[in-house]
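Asker: Would you mind keeping the following structure in view while I ask a few things?
The values are calculated or read from the model by the stated rules, or taken from the named source; none is laboratory data. Computed from a predicted structure; not experimentally measured. Here the Cβ positions follow ideal geometry from the backbone for every residue, glycine too, while neighbour counts run over all protein chains shown. Accessible surface is based on the protein model in full, side chains and every heavy atom, while ligands, DNA and RNA are left aside. Shrake-Rupley method; radii C 1.70, N 1.55, O 1.52, S 1.80 Å.
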Amino acid sequence: MKYFKNDPKTAYEAKSEAQRIAFAPVVFQACRILRDSGILELVQQSGVTGMTLPEVAAQISLPRYGIKVLLESGLGIGLFCLNEDHYTLTKLGYFMLRDPMTRVNMDVMHEVCYRGLFDLDKAIQEGKPAGLKTLGHWKTFYEGLASLPPRARESWLAFDHYYSDMAFPAALPLVLADRPKRLLDVGGNTGEWAVACARLDPDVQITIADLSPQLALAQETVRKHDLQSRIDFFATDLLDETKPLPEGYDAIWMSQFLDCFSEREIVSILQRATRAMGPGTALYILELFWDRQPNETAAFCLQQTSLYFTCIANGNSQMYHSSDVLRCLAESGLRVTEDRDQVGLYHTLLKCRKA
């Protein structure tokens, strides 16, 4: 990892960045409203000519005052240029409007995290998701995922699927290369991976192991693709260390899963996976490690996502440095036989066997 070794900013740049951080909540919400209200879209359509405040106000159903303060805020943020009273969209404004990664990140921050992050200090002190109460009264976020308010659920699923969908096409042939007959998908979420496996390999039988509410989402996905004869389900709470994983599988799959648990919990889950593995079973782990990212921005996104886990999801997990998970694997009696970075650009795929 070549990032975070030096301080590249001048004193002026550092102080300027500090002010942007101080006003970050205002910046975030102004950008979101400029996007969702149609102002960014409208200004982009005006091209190099740009638009005046009266022209924007004539086409956007918000009070003129509100449009004025939003445009001026956007000017300071860097979304617009202003020449002879005409606003034009900058490159930053374009990506705020059009970039799908920015959209899914912003939406999940607003719908799932924003209100709850007010209690981040409490979450850090107590080791519990103190902000989760803004969404519902569950022990962890995942217990309530199926019953979240619609916009929160939709934004979280879009966020989760955006990153997994980039990696799945690259990971699928690697996992199916050994032609496993039976595959256990641990933490199967909405069932998208299981369906993709079943569609690519007509011979593989798949079991999804997850919480009962999550399995309801997966069952809906499986029914939609008419794959009930190929994919079955195993309800379990992996936080209960007394509950073993089922045996008899050629491959075990964990995708964007271990980051949902503390290191102690990861070791417990991996130890149970080790006990369920036969001599020829391979365990595949697909994860986003912040130290393995191709650029500093990707690492930054993962480091900040860790605080979603701290305050909203469970209070004790994070997006890990790869050495943390490699240490957990060794403690659990597993050895890594293959280690591939940038699977679908951002993910790492680890293939493991019993030591």
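Asker: Considering each residue of the range 43-59, count those that are open to solvent by less than 20 Å² (accessible area, probe 1.4 Å) and within 33 Å of the chain's Cα centre (by Cα), and give that number.
Answerer: Total satisfying the criteria: 1.
Asker: Another question, if that's okay. Is it the case that the range 235-244 has a residue that's outside any loop (DSSP other than H, G, I, E, B), surrounded by 20 or more Cβ atoms within 10 Å (Cβ to Cβ) and not charged (D, E, K, R)?
Answerer: The answer is no; no qualifying residue exists.
Asker: Still on this model: All but one of (1) over 13 Å from G191 (Cα atoms); (2) in contact (Cβ under 8 Å) with a residue 24 or more places away in the chain; (3) outside any helix (DSSP H, G or I) hold for L227; which doesn't?
Answerer: (1)
Asker: Another question, then. Pairs only if they're at least six apart or on different chains, beta carbon under 9 angstrom, first in the range 302-313 and closer than 15 Å to F289 by Cα, second among the aromatic types (F, W, Y) and open to solvent by 20 Å² or more (accessible area, probe 1.4 Å); list them, first residue then second.
Answerer: These pairs meet every condition: L302/W290; L302/Y346; Q303/W290; T305/W290; S306/W290.
Asker: Among all residue pairs at least 6 apart or on different chains, which show Cβ distances below 6 Å where the first residue, located in the range 171-187, is over 14 Å from E247 (Cβ atoms) and the second is hydroxyl-bearing (S, T, Y)?
Answerer: Pairs that qualify, where the first residue is over 14 Å from E247 (Cβ atoms) and the partner is hydroxyl-bearing (S, T, Y), are V175/Y284.
Asker: Counting just the residues of the range 249-271 that are of a type in the set (G, A, S) and out of contact with any strand residue (DSSP E or B) (no Cβ under 8 Å at 6 or more places or on another chain), which one comes out surrounded by the fewest Cβ atoms within 10 Å (Cβ to Cβ)?
Answerer: If we take residues in the range 249-271 being of a type in the set (G, A, S) and out of contact with any strand residue (DSSP E or B) (no Cβ under 8 Å at 6 or more places or on another chain), then S262 is surrounded by the fewest Cβ atoms within 10 Å (Cβ to Cβ).
Asker: Of the residues in the range 76-87, how many are in contact with a Cys (Cβ under 8 Å, 6 or more places away or on another chain) and either open to solvent by 30 Å² or more (accessible area, probe 1.4 Å) or of a type in the set (A, V, I, L, M, F, W, C) (or both)?
Answerer: Result for the range 76-87: 2.
Asker: Restricting to the range 14-26, name every residue that is under 26 Å from Q293 (Cα atoms) and either open to solvent by 90 Å² or more (accessible area, probe 1.4 Å) or in contact (Cβ under 8 Å) with a residue 60 or more places away in the chain (or both).
Answerer: R20, I21
Asker: While we're on this one: Return the only residue of S155, S147 being among the polar types (S, T, N, Q) and crowded, with 19+ Cβ neighbours inside 10 Å.
Answerer: Criteria check complete, one pass: S155.
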